[in-house]
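*Asks:* Please see the structure below; I have some questions.
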Amino acid sequence: MPDTARLSRRRSSSILPCGQTENVGGVAFATSKAGISLFKHGPMTRSELESRADFANVSMPNDLPDALLVERFDIRQNRNDRRKIAMEDIASIRGVPPPGKYERPIEQAARALRGVSSDADADVAALLGRAVFAWLIADGDFHLQNMAVLRVTPDGALNFSSVRFAPTFDAVTARAFPGFEDDDLALSLAGKRNRFSSKDFVRAGAKVGISAQAARECVESLYSRLGAFLQEREPTSDRVGRAFEIWKRRIETTAG
């Protein structure tokens, strides 16, 4: 994958090395517009989505590439927050060593998620949506270590009462970078890594317990929202412009 400048932000405003690229401002805003959870679990208002996504693309000093600041979702929010929070990626859940993170199909990740989630139907649907989004934005790095669950224990409880699919992180349009113009989906879905159609996503959904109607609604909603975003937003750089053109072509060819 491209060499990326990485940053993450705690609520205390300390900034830690952690990760993204020049085109992530567009990715962050588009992710929010597409209804993909990026910053926190639960619904967000339009103004929250837009203000956070606009903030995400941050100009850096000393000619460094623009960076994505991601508000940490795997830590307590304040001093009064007594929850215990643990994040575990799907590779760990499935016992897959790091070199194997590109080798398992997304359907297997969905089955692993269904086996641990406290709201399995919603989370498997969210994972399918994330996979569709990865294809539409040419995110070639959506592998088993870039999908995870959050386990949460309320104050005073002994066991995790909530195990949910984690918000999106490390999303990048790889094809916008030199040397990655032909990059495919990191993991296979419906037996393939490229040239997807809506029918492929519906077929994959059926394999993990999602009805054809629900899968079609998910896919069509993503087409519509991402398309609306592209009509509203102007690219902020040549690289973002290349990414937008890739997204437009993906919507046209996948929906056709």
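Nothing in this text is a laboratory measurement; each read-out follows from the coordinates by a stated rule. Small disclaimer: the values here were computed from a predicted structure and weren't measured. Positions of Cβ are backbone-derived with ideal geometry, glycine not excepted, and every protein chain shown enters the neighbour counts.
*Asks:* Taking interchain pairs and intrachain pairs at least six residues apart, which have beta carbon atoms under 6 angstrom, with the first residue in region 225-249 and without any contact (Cβ under 8 Å) to a residue 24 or more places away in the chain and the second assigned to a loop (DSSP other than H, G, I, E, B) and surrounded by 15 or more Cβ atoms within 10 Å (Cβ to Cβ)?
*Replies:* What qualifies is G241/P235.
*Asks:* Something else now. Taking region 143-181, which residues are surrounded by fewer than 16 Cβ atoms within 10 Å (Cβ to Cβ) and out of contact with any helix residue (DSSP H, G or I) (no Cβ under 9 Å at 6 or more places or on another chain)?
*Replies:* P154, D155, G156, A157, L158, N159, S161, P178, G179
*Asks:* Specify which of the listed residues (F244, F180, F196) is of a type in the set (F, W, Y) and either part of a helix (DSSP H, G or I) or in contact with a Lys or Arg (Cβ under 7 Å, 6 or more places away or on another chain) (or both).
*Replies:* When all the criteria are applied, what remains is F244.
*Asks:* Restricted to region 207-236, and to residues that are of a type in the set (A, V, I, L, M, F, W, C) and part of a loop (DSSP other than H, G, I, E, B), which residue is surrounded by the most Cβ atoms within 10 Å (Cβ to Cβ)?
*Replies:* Among them, the one singled out is I210.
*Asks:* Contact list please: Cβ distance under 9 Å, first residue in region 94-107 and touching a residue at least 60 places away in the same chain (Cβ under 8 Å) and among the aromatic types (F, W, Y), second residue crowded, with 18+ Cβ neighbours inside 10 Å and assigned to a helix (DSSP H, G or I), pairs at least six apart or on different chains.
*Replies:* Pairs found: Y102/L144.
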